[in-house]
Amino acid sequence: MKTMHARAQLFSAIEGGSPFWAREIVENGVNYVLERALRGGYDEIKHEKVITRLRNSDPQSILAVIDKSLGSFLTPEDAQWPQPLNDLLAPPIALIVHGNNSVLQIPSLAIVGTRNPTSYGVRIAEEFAAGFVDREWAIISGGAYGIDAAAHRGALMAEGITIAVLACGLDINYPAGHQRLFAEIAVHGALITEVMPGTSAIPARFLTRNRLIAALSKSTLVVEAAFRSGSLRTARDAAELLRPVMAIPGPINSPTSEGCHRLIGERAAEIVTSVADAFEFVSFR
């Protein structure tokens, strides 16, 4: 219980994706880091916000807030912790999960892409999600409008499991139009986040969220993405973790396919044109 309480306090005080705090926790353990922070063992000017939050925090209250949001607090000490997250340079201190924790153990494909897809992109995302679900994989994405939503819906329509990694607290209805979709995902898979309830989505949190999508998945598929796109960041995060990356080609004059063509041209992604091709590619990696 002491370790869980220490994790809860650190989780509520430290922004996800911090290499410094992640390294301290991995190398020294949560109890050591918490005690050192509380007794002034870290630079109190440089780390003022974190230390102040820790000194004002109460683990029981933190866990109660998480419980009220219908989330479960999953830590690396739990048997259901997804071990691939430990490959990250800055693994999460913990996760909050709404749904079934055990789905995080299922082989999964990340499907990511633009928030403004063409009808072609939506259809392809749904088809690939359904195809991998039929092969008993889960589908992971970010719960956003566009390709993310199409991937989640494709998995659900095929009666499979899908996981949405959120950049905000479980109780924040973002994006607002996905309330029903998120309810379905929670029933048939899981919603996960590394931020506390009440935490809003800001641009930096989408970037740190993307690394979780890349790490949780055995492979990442980019369906449609602009030349500069957050989806390309997810693809590069996956490549840094030595996870295979795939991309769907589109019309050569389509702005929504420029990012995919960039990945393919730079040999940063394998070009795939069918579910069978994609599954064969990731199965032998």
Open item on the list: Every residue in the stretch 152-172 that is among the small types (Gly, Ala, Ser) and either modelled with pLDDT under 95 or under 23 Å from Ile124 (Cβ atoms) (or both), please.
Closed with: Gly154, Ala155, Ala158, Gly160, Ala164
Task: Residue count, the stretch 247-275 (criterion: under 12 Å from Ala226 (Cα atoms) and either of a type in the set (A, V, I, L, M, F, W, C) or not assigned by TED's automatic domain parsing to the domain that holds Leu109 (or both)) - done: 2
Open item on the list: For the structure I just gave you, tell me whether Asp148 is buried (at least 22 other Cβ atoms within 10 Å of the Cβ) and charged (D, E, K, R).
Closed with: yes
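Answer yes if at least one residue in the stretch 173-196 is among the hydrophobic types (A, V, I, L, M, F, W, C) and modelled with pLDDT under 95, and no otherwise.
In the first step, residues of the stretch 173-196 are kept if they are among the hydrophobic types (A, V, I, L, M, F, W, C); the result is 176, 181-183, 185-187, 190-192, 195-196.
Imposing the further condition that a residue be modelled with pLDDT under 95 reduces the set to 176.
The answer is yes, given that some residue of the stretch 173-196 is among the hydrophobic types (A, V, I, L, M, F, W, C) and modelled with pLDDT under 95.
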- [ ] Any chance you could count how many residues in the stretch 170-208 are surrounded by fewer than 17 Cβ atoms within 10 Å (Cβ to Cβ), small (Gly, Ala, Ser) and part of a helix (DSSP H, G or I)?
- [x] 4
- [ ] Select from the stretch 1-30 the residues that are closer than 13 Å to Pro59 by Cβ and exposed (fewer than 15 other Cβ atoms within 10 Å of the Cβ) and write down the one among them that is modelled with the highest pLDDT.
- [x] Thr3
Open item on the list: Give me the residue from the stretch 235-284 that is out of contact with any Cys (no Cβ under 6 Å at 6 or more places or on another chain) and assigned to a strand (DSSP E or B) and, out of that set, surrounded by the most Cβ atoms within 10 Å (Cβ to Cβ).
Closed with: Met246
TODO: Could you grab the pairs with beta carbons closer than 6 Å, sequence gap of 6+ or different chains, first residue in the stretch 3-29 and of a type in the set (Lys, Arg), second one surrounded by fewer than 19 Cβ atoms within 10 Å (Cβ to Cβ)?
DONE: Arg7/Thr75
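For every residue, the table says whether it meets (1) within 14 Å of the chain's Cα centre (by Cα); (2) of a type in the set (A, V, I, L, M); (3) modelled with pLDDT of 95 or more.
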{"site": "Ser108", "(1), (2), (3)": "yes, no, yes"}
{"site": "Ile111", "(1), (2), (3)": "yes, yes, yes"}
{"site": "Gly121", "(1), (2), (3)": "no, no, yes"}
{"site": "Glu127", "(1), (2), (3)": "no, no, yes"}
{"site": "Gly131", "(1), (2), (3)": "no, no, yes"}
{"site": "Trp137", "(1), (2), (3)": "no, no, yes"}
{"site": "Ala150", "(1), (2), (3)": "no, yes, yes"}
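Is it the case that Leu212 is in a strand (DSSP E or B), in the same structural domain as Ile124 (by TED's automatic domain parsing) and modelled with pLDDT of 95 or more?
no
For the stretch 81-163, give me every one of the strands (runs of 3 or more DSSP E) that falls completely inside it and has 1 or more residues that are closer than 18 Å to Val222 by Cβ. Let's see the steps before the verdict.
Working: elements: 95-99, 108-112, 138-141.
Ranges flagged: 108-112, 138-141.
Looking for something closer than 25 Å to Pro251 by Cα and either surrounded by 14 or more Cβ atoms within 10 Å (Cβ to Cβ) or in contact with a Pro (Cβ under 8 Å, 6 or more places away or on another chain) (or both) - is there at least one such residue anywhere in the stretch 95-109?
Yes.
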- [ ] For the stretch 41-63, state whether one or more residues are closer than 19 Å to Leu170 by Cα, within 20 Å of the chain's Cα centre (by Cα) and surrounded by 13 or more Cβ atoms within 10 Å (Cβ to Cβ).
- [x] no
TODO: Scan the stretch 239-267 for residues that are touching a residue at least 40 places away in the same chain (Cβ under 8 Å) and among the β-branched types (Val, Ile, Thr) and jot them down.
DONE: Ile248, Thr256
- [ ] Provide a single number: the residues in the stretch 138-162 that are touching a residue at least 60 places away in the same chain (Cβ under 8 Å) and touching a Leu at 6+ places or on another chain (Cβ under 7 Å).
- [x] 1
TODO: Determine if the stretch 209-228 includes at least one residue that is more than 30 Å from Ser18 (Cβ to Cβ) and crowded, with 18+ Cβ neighbours inside 10 Å.
DONE: yes
Task: Checking Gly29 against (1) under 25 Å from the mean Cα position of the chain (by Cα); (2) within 27 Å of Tyr174 (Cα to Cα), the condition it does not meet - done: (2)
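The values are calculated or read from the model by the stated rules, or taken from the named source; none is laboratory data. All values reported here derive from a predicted model rather than from experimental measurement. Methodologically, a virtual Cβ is constructed for each residue, glycine included, from the backbone with ideal geometry; neighbour enumeration extends over all protein chains shown.
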